[in-house]
1. Of all residues in the stretch 539-562, which are surrounded by fewer than 18 Cβ atoms within 10 Å (Cβ to Cβ) and under 27 Å from the mean Cα position of the chain (by Cα)?
2. Can you tell me which of Val327, Val276, Val322 is buried (at least 20 other Cβ atoms within 10 Å of the Cβ) and under 30 Å from Tyr650 (Cβ atoms)?
3. Being crowded, with 19+ Cβ neighbours inside 10 Å and either among the aliphatic types (A, V, I, L, M) or more than 24 Å from the chain's Cα centre (by Cα) (or both) is true for just one of Leu631, Leu638, Leu534. Which residue is that?
4. Any idea which residue in the stretch 482-505 is farthest from Arg333 (Cα to Cα), counting only those that are within 26 Å of the chain's Cα centre (by Cα) and surrounded by fewer than 20 Cβ atoms within 10 Å (Cβ to Cβ)?
5. Residue by residue through the stretch 501-515, note down the ones that are touching a strand residue (DSSP E or B) at 6+ places or on another chain (Cβ under 6 Å), in a loop (DSSP other than H, G, I, E, B) and among the hydrophobic types (A, V, I, L, M, F, W, C).
6. Go through (1) of a type outside the set (Lys, Arg); (2) under 24 Å from Leu229 (Cα atoms); (3) part of a loop (DSSP other than H, G, I, E, B) for Thr142 and report which single condition fails.
7. Inspect the stretch 511-526 for any residue being touching a Ser or Thr at 6+ places or on another chain (Cβ under 6 Å), charged (D, E, K, R) and farther than 20 Å from Ala330 by Cα and give the result as yes or no.
8. Just to verify a result, which residue in the stretch 379-409, among those that are among the acidic types (Asp, Glu) and outside any loop (DSSP other than H, G, I, E, B), is farthest from Ile353 (Cα to Cα)?
Amino acid sequence: MSRHRQARNSVTVRPHWLVLSAVLLAVAFALSVQGYLHHLAGTGDDSVSTAGSAAGVPSSVSNGGPVIDARGGIVRTVRPADRTLALTFDDGPDPVWTPQILDVLKKHHVHATFFVVGTAAIDHPDLVRRMVAEGHEIGVHTLTHADLGRSPDWRQKLEVQGAQQVIMGLTGQAASLLRPPFSSANNAVTDSAWASIRAAADEGYLTVLTTKDSKDWEKPEAETIARNLTPSGNQGQVLLMHDGGGDRGQTVTALDGLLSRLDGQGYRVTTVGDAVGVSSTRQATPNEKATGTAFIWGIRLSDWLVMAISWALVASGIVTFVRAVLVVGAAVRHRRGARRMQLASSALDGRAITDPVTVIVPAYNESAGIEAAVRSIAASTHPVEIIVVDDGSTDGTADIVEALQLPGVTLIRKENGGKPSALNAGLAAAAHDLVVMVDGDTVFEPDTVQALIQPFADPRVGAVSGNTKVANRGGILGAWQHIEYVVGFNLDRRLFDVAECMPTVPGAIGGFRREALIRVGGVSDETLAEDTDLTMSLCRDGWRVVYQDDARAWTEAPATLGALWKQRYRWCYGTLQAMWKHRGAIVQGGQAGKLGRRGLGYLLVLQVLLPLFAPVVDVFAIYGLLFLDPLRIAVLWLVFLAVQVLMAAYAFRLDKERLGPLWTLPLQQFVYRQLMYLVVIQSVVTALAGVHLRWHRMERYGSLRVPPLPQREPGAEQSRGV
């Protein structure tokens with residue numbers, strides 16, 4: 001064994017699965033952060049819920065002042081001094097209303113306390129900095145405007161400390177004032193709300209309630225808002241207004257008029273800290289500011305990532321829809337073209353190809369199915385020469401062929417050199433100008449060869465792809481592969497035919513001009529997808545490659561997920577090799593340019609980039625079910641599935657297949673699809689790592705049988721088996 005092959009067998013690529021897992025976990029974390037911050041809570045109706053017992057709330061709180069200090073286990077309350085009004089705003093900053101409120105405050109030379117929501121502060125950092133620069137006071141109103149009294153302990157801490165991190169990161173100051181969302185006056189504090197107040201006190205926070213609620217969240221007129229806030233005596237008050245959470249136009253108007261009246265009545269309007277004589281902020285340490293800044297950028301990055309994913313999803317949805325329209329439209333056009341060819345052939349019998357054909361069967365350890373394959377080809381209605389090339393089999397494959405003693409069958413024995421060398425050996429021995437290549441695990445129908453070679457009536461055609469069918473389609477895995485062959489492979493081949501950019505003539509059934517094969521140097525062993533490499537070489541040499549859907553060949557598909565993985569891994573890796581090898585076609589003209597710009601572009605987008613993005617799509621779907629509208633997500637998924645079902649039904653109709661297996665199509669989205677995109681990821685990583693993948697030979701199951709001969713030959717075998 002050469003050193004090259006030893007290197008192939010000794011290399012195992014595994015770290016990329018760790019990288020993929022890390023990427024998916026990072027995406028899932030970013031989605032979770034974004035979903036939590038933007039979809040589990042939010043500003044809006046700030047109405048107060050008074051439901052719940054208040055038996056555990058101390059009377060000193062229920063009947064005390066609006067500023068509660070429960071630090072150190074000792075409960076104290078305080079209210080502003082007489083004729084002192086602490087002006088507070090909740091739910092901001094808002095890009096529309098907060099600047100207007102700040103302008104009104106500046107006009108009246110009044111400072112206020114703004115209890116900011118962390119997520120809003122991250123979205124509008126300049127407004128928070130303006131508040132501080134103009135002498136206003138900043139307080140905590142949680143990270144997402146969550147109801148602390150109804151939240152578990154972990155969320156209470158996250159909400160309060162998260163908002164504090166934002167404030168420190170934006171302003172360099174740490175706030176000590178907290179106003180719980182949905183809070184009101186002291187007598188509205190329930191046991192659950194009191195528990196959250198005590199928990200916040202343990203973290204060093206003073207809780208600020210209210211004595212005068214503007215109720216501007218009810219959207220009243222400005223006069224009503226001002227009336228709700230107007231004090232009736234000398235007692236100090238804490239006034240509650242909102243600068244965010246909705247349309248605050250009436251609030252702005254009411255604030256301007258209210259401040260004018262209060263100033264004339266001798267009231268002092270100020271911040272909470274100034275009103276009760278406490279220091280409400282302190283300078284954050286460098287470490288606290290750095291931590292806060294990192295927290296903010298982490299949230300921003302999660303938002304940007306979700307936005308990027310959202311746009312990518314839109315793009316992938318558009319690409320998927322365009323692909324569906326293209327393949328169906330191309331299939332309709334291809335079908336009409338096939339009908340015109342049939343009519344022309346019927347009118348001009350002289351155009352039909354009747355010349356004998358050489359059929360080359362490369363075989364390596366194909367004892368399970370080689371007899372069925374050779375007998376099916378020998379039963380062809382078209383004159384054929386069959387060359388079986390035994391590529392050093394160790395299971396008696398050559399002996400089986402020799403024992404058949406079929407006329408017109410030639411057996412070539414050679415040392416193992418790989419499938420390309422076996423095909424080239426058969427090509428060198430071929431006696432005819434038209435050559436058909438067929439895998440040793442494939443059987444033909446009697447009319448397959450005749451149907452396959454008819455497009456060679458056009459001298460521009462250098463190769464013809466046949467229609468590969470899954471023989472062992474029993475079971476759900478077989479049904480999934482059957483669907484993929486009919487819907488994926490065959491619809492794509494019709495599109496490639498119409499667009500004149502066919503990238504692959506499958507090894508299971510392909511017809512070639514011997515002249516074309518010789519011109520490109522035969523079958524190359526430079527890639528693991530020798531069929532794709534050969535087809536691309538023919539296109540670059542100027543030959544047209546077409547698809548003949550009525551030339552059917554039946555092949556064995558993998559019966560286990562492990563076998564399927566190995567087969568598709570080799571296919572995908574080999575296709576990537578071929579795409580890279582023939583990348584120069586992109587800048588060429590003629591048939592080569594069509595392959596490069598149409599075929600390679602299609603393969604890159606649909607078979608490489610979209611599968612690479614598919615894991616993120618699945619993670620985003622879970623995100624949508626958890627944080628968005630599950631019904632809308634379900635409807636979108638059903639619409640996507642309906643498009644697939646309709647496209648599949650049309651493809652099945654074109655191939656004259658029963659629609660029964662389509663019941664497995666929804667299930668295909670949850671297992672088979674994931675397996676296929678993992679194969680693509682594995683292949684791309686292997687290719688980028690420069691690893692030489694070894695040939696993965698598929699296990700044979702012996703499920704193939706010789707198809708029946710036409711009725712005009714009553715002595716022929718009649719076992720269907722495929």
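The values are calculated or read from the model by the stated rules, or taken from the named source; none is laboratory data. Keep in mind the model is a prediction, meaning the values are calculated, not measured. Backbone-built Cβ (ideal geometry, glycine too); neighbour counts: all protein chains shown.
1. Narrowing the stretch 539-562 to residues surrounded by fewer than 18 Cβ atoms within 10 Å (Cβ to Cβ): 541-542, 550, 560-562.
Once the filter is applied, which keeps residues that are surrounded by fewer than 18 Cβ atoms within 10 Å (Cβ to Cβ) and under 27 Å from the mean Cα position of the chain (by Cα), the stretch 539-562 yields Thr560, Leu561, Gly562.
2. On the way: Val276 fails: under 30 Å from Tyr650 (Cβ atoms); Val322 fails: buried (at least 20 other Cβ atoms within 10 Å of the Cβ).
Criteria check complete, one pass: Val327.
3. On the way: Leu631 fails: crowded, with 19+ Cβ neighbours inside 10 Å; Leu638 fails: crowded, with 19+ Cβ neighbours inside 10 Å.
Selected residue: Leu534, the only one of Leu631, Leu638, Leu534 that is crowded, with 19+ Cβ neighbours inside 10 Å and either among the aliphatic types (A, V, I, L, M) or more than 24 Å from the chain's Cα centre (by Cα) (or both).
4. As a first pass, look at the stretch 482-505 and keep what is within 26 Å of the chain's Cα centre (by Cα): 482-493, 495-496, 503.
Going one step further and asking which of them are surrounded by fewer than 20 Cβ atoms within 10 Å (Cβ to Cβ), we end up with 484, 488-489.
On the way: Glu484: 21, Gly488: 17, Phe489: 17 Å.
Across the stretch 482-505, the extreme among qualifying residues is Glu484.
5. We begin by selecting, within the stretch 501-515, every residue touching a strand residue (DSSP E or B) at 6+ places or on another chain (Cβ under 6 Å); these are 502, 505-506, 508-514.
From what's left, in a loop (DSSP other than H, G, I, E, B): 502, 505-506, 508-509.
Within the stretch 501-515, Met502, Val505, Ala508, Ile509 meet the criteria.
6. (2)
7. Step one: list which residues in the stretch 511-526 are touching a Ser or Thr at 6+ places or on another chain (Cβ under 6 Å), which gives 520.
Narrowing the set further to residues that are charged (D, E, K, R) leaves none.
Checked the stretch 511-526: no residue is touching a Ser or Thr at 6+ places or on another chain (Cβ under 6 Å), charged (D, E, K, R) and farther than 20 Å from Ala330 by Cα.
8. Looking only at the stretch 379-409, we keep the residues that are among the acidic types (Asp, Glu), and these are 385, 390-391, 395, 399, 402.
Within this subset, residues satisfying the condition of being outside any loop (DSSP other than H, G, I, E, B) are 385, 390-391, 399, 402.
On the way: Glu385: 16, Asp390: 29, Asp391: 31, Asp399: 34, Glu402: 30 Å.
Checking each candidate, the answer is Asp399.
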